[in-house]
Amino acid sequence: MKIGIVGCAGRMGRMLMNAVVEAEGCTLSGGTERPGSPQVGQDVGAVLGLGKLNAVISDTPSTLFAASDAVIDFSAPAATVAHAALAAEMGKILIVGTTGLSKEDEARLAEAAKSATIVYAPNFSVGVNLLMALTERAAAILGDDYDIEIVEMHHHHKVDSPSGTALGLGRSAAKGRAVALDSVWRKSRDGLVGARPKGEIGFATLRGGDVVGDHTVMFASEGERVELTHKASSRAVFAKGAVRAALWAKEQKPGLYSMRDVLGL
Ligand code: NAD
């Protein structure tokens, strides 16, 4: 399977190129970067420190899509929306890990998924997707007597907050309680003043250093507390999961899928 990487010189882009090179049955068809980036025109092997791989970094996504069966996109929301339209036009597989997409952006992904096979996940690690399934089940079993708070920590470069994964965990908890996250999401960024409103799901964001991604979902009642925690120590887990999603997508009809679909969770 020929896989291309957009935003290939980014933190995740480099990990993704490595994961494709290492995966059985996959070849790297190339990468793109923003027009004007210093990596444009270079061989991808030079960026990876692997020597020449005969795949060049371009600033033209249509060329990359034409040369690929699947494209993996961990870049930025505006770029991802444009890539989804291109995947639809060319009938290609698109794996989207970009976070911080607005509701309108997500609607465009859904529109593109009428003709393209798209897997969109805020987190491609197997462990976090298991955590989402466990969170949904715990919320359903524990019920309304347990307050739900979600705490996340990431490196200081991260731009969106709360993280896409924290929001995904919030959605899983809300689903377990048969409500929509938007109706119970406590959006105050300044912390709570006064008593905690019952039924709301709160998010706390920490930023610092090189933390790859820590998430804890707390269920707290009078007398006990359940905490479900995941800690990622290497970005390689997200890259391996994205390549696994691309291989899975090859056998699927056009549509919008999640990593939980890929893992059958
Ligand atoms: P980064 O800033 O290091 O990399 C992003 C890269 O995309 C940059 O190299 C940038 O130049 C490139 N880019 C931006 N616009 C582009 C365009 N139009 N064409 C081509 N390239 C373009 O960021 P990062 O840490 O690698 O994270 C990227 C995204 O992936 C973020 O949204 C982050 O939250 C998300 N992420 C998701 C997961 C997951 O499992 N879903 C895991 C980690 C990070």
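Report, ordered by the first and then the second residue, all pairs with beta carbons closer than 6 Å, sequence separation of six or more or different chains, a first member in segment 9-35 that is closer than 18 Å to Ala78 by Cβ, and a second member that is part of a helix (DSSP H, G or I) and open to solvent by 30 Å² or more (accessible area, probe 1.4 Å).
Close Cβ pairs (under 6 Å, with a partner that is part of a helix (DSSP H, G or I) and open to solvent by 30 Å² or more (accessible area, probe 1.4 Å)) amount to Thr32/Pro61.
Take Ala246 and tell me if it is buried (at least 19 other Cβ atoms within 10 Å of the Cβ) and either touching an Asp or Glu at 6+ places or on another chain (Cβ under 6 Å) or under 18 Å from Ile118 (Cβ atoms) (or both).
The answer is yes for Ala246.
For Gly91, all conditions in the list (1) on the phi > 0 side of the Ramachandran plot; (2) more than 15 Å from the chain's Cα centre (by Cα); (3) within 9 Å of the ligand (Cβ to nearest atom) hold save one; what is the number of the exception?
The number of the failed condition is (3).
Any chance segment 192-204 includes a residue that's within 16 Å of the ligand (Cβ to nearest atom) and either closer than 30 Å to Ala110 by Cα or modelled with pLDDT of 95 or more (or both)?
Scanning segment 192-204, I find at least one residue that is within 16 Å of the ligand (Cβ to nearest atom) and either closer than 30 Å to Ala110 by Cα or modelled with pLDDT of 95 or more (or both), so the answer is yes.
Given the conditions (1) in a helix (DSSP H, G or I); (2) in contact (Cβ under 8 Å) with a residue 24 or more places away in the chain, and given that Ala107 satisfies all but one, which numbered condition is not satisfied?
Single failed check for Ala107: (2).
How about segment 134-164: which of its residues are part of a helix (DSSP H, G or I), touching a residue at least 60 places away in the same chain (Cβ under 8 Å) and open to solvent by less than 40 Å² (accessible area, probe 1.4 Å)?
The answer is Thr135, Ala138, Ala139, Gly164.
Can you tell me which residue is surrounded by the fewest Cβ atoms within 10 Å (Cβ to Cβ) among those in segment 185-223 that are among the hydroxyl-bearing types (Ser, Thr, Tyr) and over 22 Å from the mean Cα position of the chain (by Cα)?
Ser188
Working only within segment 217-263, note down all residues that are modelled with pLDDT under 95 and either over 24 Å from Leu28 (Cβ atoms) or touching a His at 6+ places or on another chain (Cβ under 8 Å) (or both).
Within segment 217-263, Arg260 is the sole residue that qualifies.
The values are calculated or read from the model by the stated rules, or taken from the named source; none is laboratory data. The shown structure was predicted, so the numbers you read here are calculated from the model rather than taken from an experiment. Here the Cβ is made from the backbone with ideal geometry for all residues, glycine too, and neighbour counts use every protein chain on show. For accessibility, only protein heavy atoms count, side chains too; no ligands or nucleic acids. Shrake-Rupley method; radii C 1.70, N 1.55, O 1.52, S 1.80 Å.
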